[in-house]
Amino acid sequence: MSLDHPAALSPPISDSWETLADGLLIQRLALHRAEIRAALPLAPGECLLPAEASPASLLARPVPAPAAGLALVEAAGLAYWTGLPQQDGVDGVSPLTTVVQELGAVLTAGCGDQITGAVSALCGAAAWWTGAFAAIRYDGGHHRTLADVTTPVSLATLERTAHLVALGTATRLLRRVLQQTGDADERVRAAFCRTIAETVVTESNVDTVVEELGELRLADLLVNTAPWRGQHTAYRSGLGSGQVE
């Protein structure tokens, strides 16, 4: 195909769906910022959360990325992902922090400080995004029926969600770094291969976790961020619950 042909200059269709999902995610945060702030003083029992996860703790501000890592995050088009948690987060420690930090450490083993810092920041932000929508889960609708959500969610389910979301953002960053460097850094290739291996291991759990979450905002966050074969299916079919709002 000639490079003059428009199709030769078009980005992969998956990139377009990622852009759409990113925009809807940012829009959703903007639409519910007031509700998220109003949830801060609520107790776990008031908002269908596990006892270990108050809204205030789930909204704890992640550790910011070092400057070098932040540059990679920005180059990957994910500055909003780490920037909004810094802007809207509160002081504290999220109960989801440990699981995402462990994932980031495994994925970036042997990598330099820049890659490690960038992935760590993305993983910490994944915990915040998961926590932000979990904090207002009680006020949402079921992802399939839109009926009121009445069943509490477990901490284990929120941890699995944060893990899958963090895996998705780490994969995006490492893929972009490889694209920009021409696959030249063996350490980055190894880290990217670890994300793919982890995806294979966790992919079969996505549907189960979605059903455990129940609520549409959390379900949208998970299925459009986690790197699995059904990613963006709802949006491609025109039935995405993200379009509800």
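The values are calculated or read from the model by the stated rules, or taken from the named source; none is laboratory data. For clarity, every value in this text was computed on a predicted model and none was experimentally measured. Positions of Cβ are backbone-derived with ideal geometry, glycine not excepted, and every protein chain shown enters the neighbour counts. Just the protein is used for accessible areas: all its heavy atoms, side chains included, with ligands, DNA and RNA removed. Shrake-Rupley method; radii C 1.70, N 1.55, O 1.52, S 1.80 Å.
Applying the selection to the stretch 174-189, what residues are open to solvent by 40 Å² or more (accessible area, probe 1.4 Å) and not β-branched (V, I, T)?
The answer is R175, R176, Q179, Q180, G182, D183, A184, D185, E186, R187, R189.
If a residue must be within 19 Å of the chain's Cα centre (by Cα) and open to solvent by 50 Å² or more (accessible area, probe 1.4 Å), how many such residues does the stretch 48-70 contain?
4
Only residues that are open to solvent by less than 60 Å² (accessible area, probe 1.4 Å) and under 16 Å from H232 (Cα atoms): list them for the stretch 18-47, please.
Correct list: E18, A21, D22, G23, L24, L25.
Filter the stretch 223-234 for residues that are surrounded by fewer than 24 Cβ atoms within 10 Å (Cβ to Cβ) and either over 13 Å from the mean Cα position of the chain (by Cα) or not polar (S, T, N, Q) (or both) and give the result.
Once the filter is applied, which keeps residues that are surrounded by fewer than 24 Cβ atoms within 10 Å (Cβ to Cβ) and either over 13 Å from the mean Cα position of the chain (by Cα) or not polar (S, T, N, Q) (or both), the stretch 223-234 yields P227, W228, R229, G230, H232, T233, A234.
On the basis of being more than 26 Å from A51 (Cα to Cα), open to solvent by less than 40 Å² (accessible area, probe 1.4 Å) and touching a residue at least 24 places away in the same chain (Cβ under 8 Å), does T171 make the cut?
yes
Quick one: which of G230, G242 is in a loop (DSSP other than H, G, I, E, B), at pLDDT below 95, among the small types (G, A, S) and touching an Asp or Glu at 6+ places or on another chain (Cβ under 9 Å)?
G230
I need the full set of residues from the stretch 125-161 which are within 15 Å of L222 (Cα to Cα) and open to solvent by 10 Å² or more (accessible area, probe 1.4 Å), in order please. Steps first, please.
Here is the first cut: in the stretch 125-161, the ones within 15 Å of L222 (Cα to Cα) are 125-134, 137, 142-144, 153, 156-161.
Within the stretch 125-161, H142, H143, R144, A156, E159, R160 meet the criteria.
Among the numbered criteria (1) in a helix (DSSP H, G or I); (2) more than 16 Å from the chain's Cα centre (by Cα), which single criterion is violated by T151?
The one condition T151 does not meet is (1).
Determine which member of the set G131, G117 is over 14 Å from E159 (Cα atoms) and either at pLDDT 95 or above or outside any helix (DSSP H, G or I) (or both).
Every option except G117 fails the conditions.
Just one of T98, T82, T145 is over 18 Å from the mean Cα position of the chain (by Cα) and β-branched (V, I, T); which is it? Write out each step before concluding.
Details: T98 fails: over 18 Å from the mean Cα position of the chain (by Cα); T82 fails: over 18 Å from the mean Cα position of the chain (by Cα).
After ruling out the rest, the residue left standing is T145.
With modelled with pLDDT under 95 and touching a Pro at 6+ places or on another chain (Cβ under 7 Å) as the only criterion, which of E52, E46 stands out?
Working: E46 fails: touching a Pro at 6+ places or on another chain (Cβ under 7 Å).
Only one candidate qualifies: E52.
What about E215, is it touching a strand residue (DSSP E or B) at 6+ places or on another chain (Cβ under 8 Å) and either surrounded by 14 or more Cβ atoms within 10 Å (Cβ to Cβ) or at pLDDT 95 or above (or both)?
Judged against the criteria, E215 is a match.
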